[in-house]
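To keep things clear, I will list the structure first and then write my remarks on it.
The values are calculated or read from the model by the stated rules, or taken from the named source; none is laboratory data. Computed from a predicted structure; not experimentally measured. Because the Cβ atoms are built from the backbone with ideal geometry, glycine has one as well, and the counts that use them run over all protein chains shown.
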Amino acid sequence: MKNKLKKLTQQQLFLPIVCVLLVLCVNVVYDVAHDRAFYDFFRIYIQNDLLNGRIINILNRGSEVAILAIGMTLVVSASGGTDISVGSVMSLCASFCCMLIAGFGVSSVSSAEEFATPMIVGLLGALLMGCLCGAFNGALVSYLNIQPMVATLILWSAGRAIGLLLCNNLIVYIRVPEFGVFGGYLGPIPTPIIIAAVCVAVTSIVLKKTALGMYIQSVGINKKASRIAGLNSQKIIFCCYLLCGLCAGIAGIVASSRITSADSNNIGLDMELDAILAVALGGNSLAGGKFNLAGSIIGAYTIQAITTTMYNLGVTSAQAPVFKAIIVIVIVVIQAPPLKAWMKKRKAAKASVQKEVASV
Amino acid sequence: MKKFLALILALSMAFALVACGGNSGNTTGNNTNTGNTGNTGSSDNTGSSDGELIRVGFAQVGHESDWRAASTNSAYEVFSEENGYDLSFVDSDNDSANQIAAVRNFIQQGMDYIIIDPIVSTGWDAVLTECEEAGIPVFIIDRTVDDSDKYVSWVGSDFLVEGQACGEWLKAYAEDKGIEELNILVIEGSVGASATIGRTDGFKEIADREGWTILDSQSGDFTEAGGQEVMESYCQSYAGQFNVVICQNDNEASGAMTAMDNAGVTYGVGGDVILVSFDANKPYVEMVMQGKINANFECNPMAAPTVAELIQMMENGETPEKEIYVTESWFVAEDNVTEITVNGEVQPVIHVTQEVLDARPY
């Protein structure tokens, strides 16, 4: 029994999961204190033929950050730096997508007949634009050896502006149900959940079934040694940034479909920071090397869980950031290496004392 | 492979450079343009004193929304050459450094009047002092300047009155419909924004007086995504408990409508929930006409006509007041309430018809 518990606590995912449960527990306490059933927060029900409930909200609203976190994890692992352009790239891709669909300079489309190009062209265009941005970042980082943060700073500041230019400085509205599907519902299930799940599944299968995951980690741990061992480090880093851009493109489509418009000023605003935080909350080192994709995904949903908790608790908007900060501090401190080491030491000391007592 | 990648990189960088080049070329083009018109204007001045154009410099925030575009267009219309003005317009692209540079440029060009819609509310004292030393009167419109009073007047919306008007209309509407208990959910704007503070306080004042219940008040950040997320949460926390939703701008209202559709809550005329919005952009005034939104309270972007009046006052040697509010209209979907009393002042409520909608400039 004790052994099993020990094994469980030593799992890499143990702490991230504990953290997300901790956040959810806050809701249980709150609900019980307010004479609601303790499972109120976890209740999933069908309303108006659609899946509904707080947990569904978390999974739904957290999708964009979860998708971004996939790309961010790979980038952090391979290059030991972060891609801070993902939020802007999201906005750029969303603008490009809506621009292609509505036609340049058109600010509002209300039916599918008014589409300038078929919707699929817009979607593929957005993904392509994401890849292009990723390739640009990747080329700067891997082939020109520019610091990742500096390299991605270019698109961080330019992406949103290019998006505005593409949309002729307007918010492009595509008030068409077909376009709203990607951020709305597919049957009773919110589509973003499905998209995020597919992205996670495809990435983890590729990482598990091919050696790519191992290559990325080895490049992240020691670039030079990997090269000497026969890996093309530059190419691998380039690929990671490309994938990160693609993820940003997908997230951009989801975000713009949610509001059936391309609001380039607001889509993906500050989301790069959420994505980086997700990677960190997942127990990954931002210095690169070993990574745990599942951890990052849990991290992403932890962030959304905190937001949803704030809504559930009815914390006023002005105070919410403070509460969020406190929760994040607690989570990060729990996972901090010195604290972990201290816990281990204490445990060892306890064990040795017990041994001594037993021998006496 | 490497060469290929290098090629792609080179191409993409070239693309970026071209993009930047095109952009800056454009702005410089604009600048020289305005400079030119300015010059011809002054040469006209020296030529004939009776046809003298008043030179006005306008440092606009940017072009982020339809509201902003309406504000810009209104300035172009009012300060036209036919009306005796020569307007130099600068779009600051939401960058306050650009804006301050534009104002300094206006001083150098020797404008007669300068209009600023300040992107940020602080850091203005130095440049406004320069304006004062150059003897150029400055008008502030829309947003406010907190750290300096070296301007003639501020012209803008009274958000507090907007919030109060919303409350007074709701009171009259509820009385007419015989709704006795109002349980209200508010979706606020960005935390700390003057529009958020004014609209929240104004509405709360009436709500407290009438003893209404405000169930919750959360920020939707003035965005559609924000409004959607907050409303989604409201529909779960307060299912069946609320009958009024106040959104502090149109985008939030749009998001709230999507969330209520998903949750199966009906709103608008004949719905379970009274939906109120602020700003009154044209597409949303149309929604009022269709009965999707019960009432929409305008935030008037047309400060330019008022500023023009003030300029004429100053030309005649009068001193305008420090704070001037633009007139605003309240749009509703039904004709049961025709006027409301806000702060003791009777104001008309406009029932939106096709004619009203067609007459809307933005």
Worksheet item: Which of the residues spanning the stretch A:127-160 are modelled with pLDDT of 95 or more, buried (at least 20 other Cβ atoms within 10 Å of the Cβ) and closer than 13 Å to residue A:88 by Cα?
Response: A:129, A:130, A:133, A:134, A:137, A:152, A:155
Item to complete: Please indicate, with yes or no, whether at least one residue in the stretch A:193-202 is more than 13 Å from chain B (Cβ to nearest Cβ), touching a residue at least 40 places away in the same chain (Cβ under 8 Å), crowded, with 23+ Cβ neighbours inside 10 Å and within 24 Å of residue B:223 (Cβ to Cβ).
Response: yes
Worksheet item: Looking only at the stretch B:104-127, which residues are buried (at least 24 other Cβ atoms within 10 Å of the Cβ), in a helix (DSSP H, G or I) and of a type in the set (A, V, I, L, M)?
Response: none
Response to the item:
Quick count over the stretch A:81-105, residues being away from chain B (no Cβ under 14 Å) and more than 19 Å from the chain's Cα centre (by Cα), is 7
Item to complete: Output the number of the condition that residue A:157 fails; it satisfies all remaining conditions of (1) among the polar types (S, T, N, Q); (2) more than 12 Å from chain B (Cβ to nearest Cβ); (3) farther than 15 Å from residue A:244 by Cβ.
Response: (2)
Worksheet item: Conditions: (1) touching a residue at least 24 places away in the same chain (Cβ under 8 Å); (2) more than 10 Å from chain B (Cβ to nearest Cβ); (3) in a helix (DSSP H, G or I). Residue A:256 meets all but one. Number of the miss?
Response: (2)
Worksheet item: Of the residues A:32, A:20, A:28, which single one is in a helix (DSSP H, G or I) and touching a residue at least 40 places away in the same chain (Cβ under 8 Å)?
Response: A:20
Practice prompt. Might you let me know whether the stretch A:90-101 holds any residue that is within 30 Å of residue A:41 (Cα to Cα), assigned to a helix (DSSP H, G or I) and modelled with pLDDT of 95 or more?
Written response: no
Worksheet item: Is there a residue being assigned to a helix (DSSP H, G or I), touching a residue at least 24 places away in the same chain (Cβ under 8 Å) and surrounded by fewer than 17 Cβ atoms within 10 Å (Cβ to Cβ) anywhere in the stretch A:166-184?
Response: yes
Worksheet item: Of the residues B:204, B:177, which single one is modelled with pLDDT under 95, among the basic types (Lys, Arg) and farther than 25 Å from residue A:304 by Cα?
Response: B:177
Worksheet, complete the sentence: Only unsatisfied item for residue A:33, checking (1) under 27 Å from the mean Cα position of the chain (by Cα); (2) more than 10 Å from chain B (Cβ to nearest Cβ), is (1)
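So that you can scan it fast, the table gives a plain yes or no per residue for (1) crowded, with 24+ Cβ neighbours inside 10 Å; (2) more than 14 Å from chain B (Cβ to nearest Cβ); (3) out of contact with any strand residue (DSSP E or B) (no Cβ under 6 Å at 6 or more places or on another chain):
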| site | (1), (2), (3) |
| --- | --- |
| A:289 | no, yes, yes |
| A:297 | yes, yes, yes |
| A:301 | yes, yes, yes |
| A:315 | no, no, yes |
| A:323 | no, no, yes |
